[in-house]
Amino acid sequence: MNVLVTGGAGFIGAALSHRLLDEGHGVLSIDNLNDYYEVSLKESRLERLAAREGFRFQRLDIADRDAMAKLFQAEQFDVVVNMAAQAGVRYSLENPSAYVDANLVGFGNLLEGCRHGEVGHLVFASSSSVYGGNTRLPFAEDDPVDHPVSLYAATKKANELMAHSYAHLYGLPCTGLRFFTVYGPWGRPDMAFFKFTRMILAGEPIPVFNHGQLTRDFTYIDDIVEGMRRVLDHPAVASPDFDPANPTPAESRAPYRVLNIGNGNRVQLLDYIATLEECLGVKAEYEMLPMQDGDVHATHADVSRLEALTGYHPSTDIRTGLERFCAWYRDYYAV
């Protein structure tokens with residue numbers, strides 16, 4: 001396969017690229033290398049990839065319409081994996097325009113490229129954030145997702161709707177993956193597990209929102225990559241069970257689907273922090289804080305659809321995953 005991975009210098013995009021290269025596929029990675037978090041980490045991910053046969057990189061912003069059009073005119077892709085986005089729930093309260101540019105304008109440019117480039121399968125990153133104020137657990141793809149509690153979540157739901165329209169109008173096979181909390185080596189510094197590690201080792205108090213009364217579906221990066229890789233081989237098709245009189249968000253009479261990709265279990269935040277402390281061998285000081293705007297109390301993925309389609313079954317427990325992350329962190333930052 002010839003695969004385009006957007007956001008290829010990012011946490012998940014880089015990890016998936018390694019997996020595809022391991023299998024002998026060609027990977028073109030694009031990324032604008034923005035400074036939302038430390039650019040040096042993105043560059044380090046790219047350095048590891050650049051040494052590998054079959055890998056190419058272009059610095060390119062998906063919000064640049066002309067550059068994206070030229071890319072798809074010059075290249076032919078079997079599969080496109082869109083991981084390029086402005087991430088982060090909390091940052092969307094500070095800089096909403098970044099989300100409009102990357103997640104809406106940029107995604108629209110990508111859809112146009114896939115349409116004109118006759119791409120065989122577009123797999124794009126959605127998010128568990130689309131479940132918003134839902135309180136029924138675990139979250140299932142049939143659940144209504146019409147009450148986002150952050151602009152980030154709203155843009156991800158918009159991506160699902162935009163992709164569906166292209167699947168319907170142009171027959172573009174589209175699979176949206178609703179990622180739950182992903183962690184592991186080479187992760188994102190803006191995420192809690194990464195920030196907690198840095199602050200614990202620096203002797204700083206860690207912020208614990210809603211006084212620790214939060215639960216999350218934490219998924220290790222290798223499990224995520226395994227699930228994604230399996231999805232690539234299953235382009236979306238029209239669902240024979242779709243009932244237009246009783247439509248659900250999960251499927252369609254167009255070649256379109258959304259799938260949860262998570263661990264399928266939820267962990268109390270305080271238990272997660274305690275495990276991180278044990279892996280680091282350092283006790284943290286907690287700063288107990290109220291709930292943050294845009295946050296949700298719990299996430300928990302029903303992954304039965306993904307399992308039925310691909311045989312996906314995450315196997316990495318929290319302790320093993322955090323031990324691997326902590327070992328990587330100490331080595332990378334020499335602490």
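Yes or no: E278 in a loop (DSSP other than H, G, I, E, B), more than 30 Å from H168 (Cβ to Cβ) and open to solvent by 30 Å² or more (accessible area, probe 1.4 Å)? So E278 does not fit the description; no.
Filter region 136-165 down to the residues that are of a type in the set (K, R) and touching a residue at least 24 places away in the same chain (Cβ under 8 Å), then identify the one that is most open to solvent (accessible area, probe 1.4 Å). Reasoning before the result, please.
So in region 136-165, the residues of a type in the set (K, R) come out as 136, 156-157.
Filter again for touching a residue at least 24 places away in the same chain (Cβ under 8 Å), leaving 156-157.
Details: K156: 6, K157: 37 Å².
Among those that are of a type in the set (K, R) and touching a residue at least 24 places away in the same chain (Cβ under 8 Å), it is K157.
Output the qualifying pairs, or none if there are none: Cβ atoms under 6 angstrom, residues six or more apart or on different chains, first residue in region 112-133 and on the phi > 0 side of the Ramachandran plot and modelled with pLDDT under 95, second residue assigned to a loop (DSSP other than H, G, I, E, B) and open to solvent by 10 Å² or more (accessible area, probe 1.4 Å). From residues that are on the phi > 0 side of the Ramachandran plot and modelled with pLDDT under 95, the pairs are G132/H147; G132/P148; G132/V149. Of the candidates A67, A74, A51, the single residue that is touching an Asp or Glu at 6+ places or on another chain (Cβ under 9 Å) and of a type outside the set (D, E, K, R) is A67. Condition check for V27 on (1) in contact with a Gly (Cβ under 7 Å, 6 or more places away or on another chain); (2) under 22 Å from N109 (Cα atoms); (3) buried (at least 21 other Cβ atoms within 10 Å of the Cβ); (4) in contact (Cβ under 8 Å) with a residue 40 or more places away in the chain: one failure, at (4). Evaluation of P173 against the conditions (1) at pLDDT 95 or above; (2) open to solvent by 50 Å² or more (accessible area, probe 1.4 Å); (3) more than 15 Å from the chain's Cα centre (by Cα) shows that the sole unmet condition is (2). Quick one: in region 188-214, of everything that is assigned to a strand (DSSP E or B) and open to solvent by 10 Å² or more (accessible area, probe 1.4 Å), which residue is farthest from E160 (Cα to Cα)? The qualifying residue farthest from E160 (Cα to Cα) is P207. Restricting region 63-107 to residues that are over 19 Å from L4 (Cα atoms) and free of Cβ contacts under 8 Å to residues at least 12 places away in the same chain leaves a set whose member that is surrounded by the most Cβ atoms within 10 Å (Cβ to Cβ) is N95. Considering region 225-275, and only residues there that are acidic (D, E) and at pLDDT below 95, the residue that is surrounded by the most Cβ atoms within 10 Å (Cβ to Cβ) turns out to be E251.
The values are calculated or read from the model by the stated rules, or taken from the named source; none is laboratory data. Predicted, not measured: the structure shown is a model, and the values here were computed from it. Reconstructed Cβ throughout: ideal geometry from the backbone, glycine too, with neighbour counts over all protein chains shown. In case anyone asks, the SASA skips ligands and DNA or RNA and just uses the protein heavy atoms, side chains included. Shrake-Rupley method; radii C 1.70, N 1.55, O 1.52, S 1.80 Å.
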